[in-house]
Structure formats: C-alpha cells, structure tokens
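Worksheet: one structure, shown below.
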Amino acid sequence: MAASEPLARPSEAGPGTGLRRALGAWDGALITIGSVVGTGIFLTTSSMARSLPHAGLLLLVWVVGGLLTLAGALTYAELGALYPQAGGIYLFLKEAYGPIWGFLYGWASFLVIMSGGIAALAVGFGEYLGSFFPFFSTSHVLVSAPLGSWRWTLSGGQLAGVGAILSLTVINQLGVKEGAWVQNALTLLKVGAIAVFLVAGVGARAAAASPLGAALPAHALTGFGMAMIAALWTYDGWYGLTFSAGEMKDPGRTLPRGIILGCAAVATLYVLLNVVYVRTLSVDAMAASPRIAEAVAEALLGPMGARLVSAAVVVSTFGCISSTILYSSRIYHPMAADGVFFRSLARIDPRHRTPTRSLWAQSLWAVVLTVSGTYDQLYTYVVFAAVVFHAATGAAVFVLRRSRPSAPRPYRVWGYPAVPFLFILASVVLVGNTLVERPRESVLGLALVALGVPAYSYWRRRGR
C-alpha cells in the first residue's frame with residue numbers, strides 16, 4: 001500500500017477517511033431481517049416434522065426459538081452499543097478475552113464461517129433460479145474435468161451463484177447507503193411476498209390441517225431438542241448488524257432498536273408461516289415435503305402458487321447474500337488495522353467510504369469455495385466452533401461488566417442477568433448437541449480454528 005494511504009483504525013479514522021455513519025434504526029431492522037430470512041424457513045419445517053411429528057409442539061419450537069433469538073439480540077445489543085465500531089464479534093471477543101480470541105473468530109470467519117455461508121447461499125440461489133432458467137440449474141453441468149483422483153465440475157447453479165456474489169459486491173463497494181438501499185428493497189420485496197402468502201394461507205379453508213392437540217409422540221423430548229436445533233440454525237444471522245456498528249448513526253440508540261425490531265419481526269414471520277403450514281398440511285405430508293413452502297402454496301393456490309413461492313425464495317436468497325456480504329466484510333479491516341491480518345485490507349476507500357479491499361477479498365474467496373464445491377464440507381467442520389464463539393460472546397457481557405464497570409453503556413440488556421444467561425444456556429445446548437451428533441467434524445473444526453494460532457503469531461511478529 002502506498003505511503004500516502006496510512007492505516008486508520010475504525011475508531012480513530014477521521015470524518016473524511018473512515019466508514020460513513022449512514023445507517024439508521026430502519027436500515028438496521030431491514031438488514032437484520034435480510035440477514036436471517038434466506039432459504040431455511042421455506043425448507044426446515046419438513047425435517048423438523050420428521051423428528052417431531054406433532055403440530056402443536058412444532059409451533060412451540062418456533063416460538064421458543066424466536067424468544068431465544070431475541071435474548072441473543074438483547075445481549076449483543078449491549079455489546080454493540082458499548083463498542084460502536086466495525087468488527088462485531090471479533091471486537092467483543094478481543095475486548096473481553098484478549099486479541100487472540102478475536103483473531104481466531106475472524107480467521108474462522110474469513111476461512112469458512114462467513115465466506116462458506118455466502119457460498120452456500122449462492123449455490124442455493126442458483127438452484128432455485130434454475131427452476132425458472134434451466135441453464136442455471138445445479139444439475140446442468142457446464143464443465144467436468146478430472147483433477148487427479150478428484151473430478152471438478154462446474155454447474156449452472158454455481159455460475160449463477162458466482163454472478164450473484166460479484167454483482168452484489170460491486171453494489172456494496174459503491175457505498176454503505178447504496179448497498180443498504182438495494183438490501184432494503186430486497187427485504188421489503190421478500191417480506192411483501194411472505195405477507196401475501198400468509199394472507200392466502202390464513203384465509204383458506206384448513207382441510208388437511210394438523211391437529212394441535214394430538215397425543216404426544218414417542219420420544220417427544222428428544223424430538224423437541226432436535227427440532228429446536230434446526231429452528232435456531234434457521235434463525236442464524238440475527239447478529240449481523242453488530243458488525244456494521246461503525247456505520248450506524250447514533251449507534252447507542254439505533255443499533256439496539258434495529259437488531260431487536262428486526263429479530264422480533266423475523267420471529268413473528270416465522271411463527272405465522274408455520275401456522276399456515278400446519279393449517280394446510282398434515283404432519284405426515286409436511287415430513288414428506290422437503291420444499292414445504294412450495295407444497296403448501298400448491299395446496300392453497302395450485303401450481304402457480306408453488307411457482308410464486310419459488311420466485312420469492314430466489315429474491316429472499318439474493319437478499320440474504322447481499323446482507324451477508326455487507327456486514328461480514330466489516331470483520332477483516334479492523335483486524336488488519338490491529339496488525340493481525342493482511343495490512344492492505346485495513347484501507348477504507350476514500351471516495352465511497354467502504355472497506356473495498358476487505359469486501360473483494362472475502363467475495364473472491366467465497367467464489368473459490370462456490371466453484372470448488374468444498375464449502376459444504378468445510379462449513380460442516382466449523383459449525384461447532386461457530387457455536388462456541390457465540391456462547392463466549394454472550395458470556396462477554398458478564399466479563400465486561402465486571403472488568404469495565406464504569407465504561408459508558410448507552411444500552412443495557414433488558415432482564416440482566418437472566419436474559420443473557422438463557423442465551424448462553426441455549427448456545428451451550430447447541431454446542432453439546434453438535435459435539436454429540438458430529439464428533440469427528442467438531443474436532444476437525446477446532447483443528448481448523450487452531451491453525452489460526454501460528455497465523456496470529458506470524459502477523460504479530462510482522463507487526464512488531
């Protein structure tokens with residue numbers, strides 16, 4: 001990087017060189033909704049019905065999952081208001097436990113958690129787009145070439161995903177407000193489509209509805225726990241706004257409002273969607289319908305209804321890619337400014353006031369994961385580590401209240417200490433479940449994160 005472009009920490013950048021504080025509470029709420037609502041809610045209830053074949057308990061799972069997500073939002077809102085700079089979980093872990101813990105989260109995020117999440121969304125976008133344009137179907141193989149003992153294939157779905165990543169990165173490069181405009185429009189479009197679906201579902205005659213008060217199935221408690229795990233993963237992404245705290249206007253007020261309102265809206269939408277599901281299909285039919293939203297729409301509105309839901313999923317997934325690119329790219333430039341990542345990524349574009357190099361580094365790596373097809377396996381490895389980081393971040397509220405009691409806190413988590421404790425407890429349950437269900441992948445994931453320790457030592461030595 002040229003000598004005329006000095007590094008500026010996010011909290012120290014001058015008014016004309018740092019990130020632009022252009023986002024309000026409304027933007028924050030829509031970014032939160034866009035970060036959460038992707039493909040999961042249109043699919044997950046089917047697998048949940050196989051684990052928990054009881055309509056009333058399924059609805060209860062979504063209500064409890066929404067409440068636990070709100071507990072997380074309330075907890076993270078205090079941390080975001082306490083440290084209103086870019087970085088989110090990276091910054092919270094660094095301040096609570098020391099620089100290496102923040103770095104390990106950022107390392108895992110760049111390597112797989114965020115980049116792999118973008119790749120997974122991109123391929124899902126291509127899969128649904130392929131139902132309208134067969135060229136972009138994941139089953140349409142464009143290239144197939146042997147690479148030693150491995151065969152690499154490139155499908156139309158992967159190509160569509162790459163196009164989505166690159167186009168949305170260009171938009172987000174132009175400025176946070178420009179990126180937010182696109183994101184807000186996509187979110188309003190997806191919420192509008194869901195609202196139409198809800199109106200049709202609530203107004204229709206519930207001929208094949210599942211009885212809410214049916215006898216409890218065998219192993220109901222175990223099934224409830226498995227369904228809860230699936231629901232909590234479908235709520236994932238609710239914390240994304242904290243990464244963009246450095247671009248919030250009056251973050252002490254707008255960030256808590258944005259993340260809490262956004263999570264409340266998502267929980268409401270998810271519960272209402274599942275009310276429509278159980279009013280329309282029997283539990284057996286739900287379990288037998290992997291694309292449950294399309295099956296419900298077809299039962300209510302005919303084949304055209306299913307097509308409309310597929311179109312809504314395309315928009316929803318595209319919007320989720322957009323919001324994930326927007327917020328997750330804000331992790332790496334504060335790492336670089338702290339001297340523990342590639343130094344060039346600390347640069348803020350002086351014209352657009354966006355972390356351009358951080359944006360493109362993340363997106364290009366996500367493209368590599370998308371076209372290589374390795375994102376799915378890698379993401380499976382780091383799921384365990386990602387949940388551990390969330391539990392540690394929730395505990396950071398307690399750590400920082402004890403270690404920095406006099407620090408200004410524009411917002412304090414409502415219901416302290418019970419609310420953050422419930423969030424930590426839910427995270428610990430997720431950790432235990434993941435370890436039991438996927439012990440090999442969990443250990444490999446921790447090993448992948450541990451590779452960050454020598455990388456951290458290298459960047460620290462280089463910085464000195």
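Numbers below:
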quantity	calculated
Taking the C-alpha atoms of segment 323-464, convex hull volume expressed per residue in Å³	171
Accessible area of segment 299-371 belonging to carbon and sulfur atoms, whole % at 1.4 Å probe	68
Protein accessible area in segment 31-101, 1.4 Å probe - carbon and sulfur %	70
Segment 156-252: trypsin sites (Lys or Arg not before Pro) in DSSP loop, at most 16 other beta carbons within 10 Å	Arg205, Lys249
Global form of the chain, assessed from the alpha-carbon gyration tensor, a/c cut-off 1.5	prolate
Where the chain is the region considered: accessible area per residue in Å², 1.4 Å probe	40
Whole-angstrom gap from segment 229-261 to segment 107-182, using each part's C-alpha centre	24
Segment 83-106 and segment 297-373: distance between their alpha carbon centers, rounded to Å	21
Span-like helix ranges in the chain, DSSP H, alpha carbon extent 15 angstrom or more, Kyte mean at least 1.0	25-36, 55-82, 114-129, 156-173, 176-203, 220-234, 251-280, 303-328, 418-437, 439-450
Heavy-atom accessible area order for Phe136, Phe384, largest first, 1.4 Å probe	Phe136, Phe384
Those trypsin sites (Lys or Arg not before Pro) in segment 287-374 that DSSP places in a loop and that have at most 14 other beta carbons within 10 Å	Arg351
Reachable lysines, given that their alpha-carbon falls under 20 Å from the alpha-carbon of Lys249 and they are not under 8 places away in the same chain	Lys177
Segment 107-223, relative contact order in percent, only Cα pairs under 8 angstrom and at least six apart counted	17
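The values are calculated or read from the model by the stated rules, or taken from the named source; none is laboratory data. Nothing here was measured: the structure is a model prediction, and the numbers come from that model. Cβ: placed from backbone, ideal geometry, glycine included. Neighbour counts: every protein chain shown. We work out accessible area using only protein heavy atoms, side chains counted, and drop any ligands, DNA or RNA first. Shrake-Rupley method; radii C 1.70, N 1.55, O 1.52, S 1.80 Å.
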